[in-house]
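Visitor: Let me begin by handing over the structure; questions about it come next.
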Amino acid sequence: MIVIDRAIGLIGIALALLTWAVGYYFPTAPVWVASIGYGLGVLLLGVSLGLISAGGLRRKRQVKDKASLKLHVYGDHRTPDRLSYDNIFRWYYLQTGIDGIGPNGQGRKRIASFSTLFVTFEDDVKIHTLKVSSPDMQLPVYEVKEFNQRYTIIVFADAVPKGTLEIVASRS
């Protein structure tokens, strides 16, 4: 597979060779044709070498087999406490409440509530399985909205009750 940096270099070399051929087979060609041809060829070759060297010096991201996060959820409006973690860069827990109001504008009532957990991994994770579990509470229905090597988004269909919430991304 040819990548763009190598393709630019090949075009530069081809342009320089084509300019040489034009000068060799058509000696009466104007001087500016050779100058522009060689100049563009060298410029494209330089851009190609710069792109190749910049890509070669880039730090490769580490890849790990696992990431885990254990939270203590209070079951109310408070932010959960982090109990333990492995390969977690940052996490964010969002609670959303939907309130309804009666027909006369009276009687505010909670219709639904949702909880969203957004977790980013420190190093990339070989994604295979994401486990959401709890040893001490019944989890509400949840959906993994996104799961890739850098982060995961989990949405719970109701408020998460008091207890321990465990998230593990691993190979098994």
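The values are calculated or read from the model by the stated rules, or taken from the named source; none is laboratory data. Since we're looking at a predicted model, the values are computed, not measured. FYI the Cβ positions are ideal-geometry reconstructions off the backbone, even for glycines, and counts take in every protein chain you see. Accessible surface areas use protein heavy atoms only, side chains included; no ligands, DNA or RNA. Shrake-Rupley method; radii C 1.70, N 1.55, O 1.52, S 1.80 Å.
Visitor: For Ser68, which of the numbered conditions (1) surrounded by fewer than 13 Cβ atoms within 10 Å (Cβ to Cβ); (2) farther than 30 Å from Leu17 by Cα; (3) not acidic (Asp, Glu) fails to hold?
Guide: Ser68 satisfies all of (1) surrounded by fewer than 13 Cβ atoms within 10 Å (Cβ to Cβ); (2) farther than 30 Å from Leu17 by Cα; (3) not acidic (Asp, Glu) except (1).
Visitor: Looking at the stretch 134-152, which of its residues are within 26 Å of the chain's Cα centre (by Cα) and within 21 Å of Arg78 (Cβ to Cβ)?
Guide: Of everything in the stretch 134-152, just one residue is within 26 Å of the chain's Cα centre (by Cα) and within 21 Å of Arg78 (Cβ to Cβ), namely Tyr142.
Visitor: Of the residues that make up the stretch 81-101, is at least one surrounded by 10 or more Cβ atoms within 10 Å (Cβ to Cβ) and assigned to a loop (DSSP other than H, G, I, E, B)?
Guide: Yes, the stretch 81-101 contains at least one residue that is surrounded by 10 or more Cβ atoms within 10 Å (Cβ to Cβ) and assigned to a loop (DSSP other than H, G, I, E, B).
Visitor: Would you tally the residues in the stretch 105-145 being among the hydroxyl-bearing types (Ser, Thr, Tyr) and buried (at least 16 other Cβ atoms within 10 Å of the Cβ)?
Guide: Qualifying residue count for the region: 4.
Visitor: Another question, then. Suppose we filter the stretch 20-39 for residues that are in a helix (DSSP H, G or I) and surrounded by 13 or more Cβ atoms within 10 Å (Cβ to Cβ); how many remain?
Guide: 9
Visitor: Would you say Gly75 is open to solvent by less than 60 Å² (accessible area, probe 1.4 Å) and not assigned by the TED database to the domain that holds Glu166?
Guide: no
Visitor: Among the listed residues Leu49, Leu43, which satisfies the condition of being modelled with pLDDT under 80, assigned to a helix (DSSP H, G or I), open to solvent by 80 Å² or more (accessible area, probe 1.4 Å) and more than 30 Å from Arg90 (Cα to Cα)?
Guide: Just one listed residue meets the conditions, Leu49.
Visitor: Can Leu71 be described as in contact (Cβ under 8 Å) with a residue 60 or more places away in the chain and either within 30 Å of Arg61 (Cα to Cα) or among the charged types (D, E, K, R) (or both)?
Guide: yes
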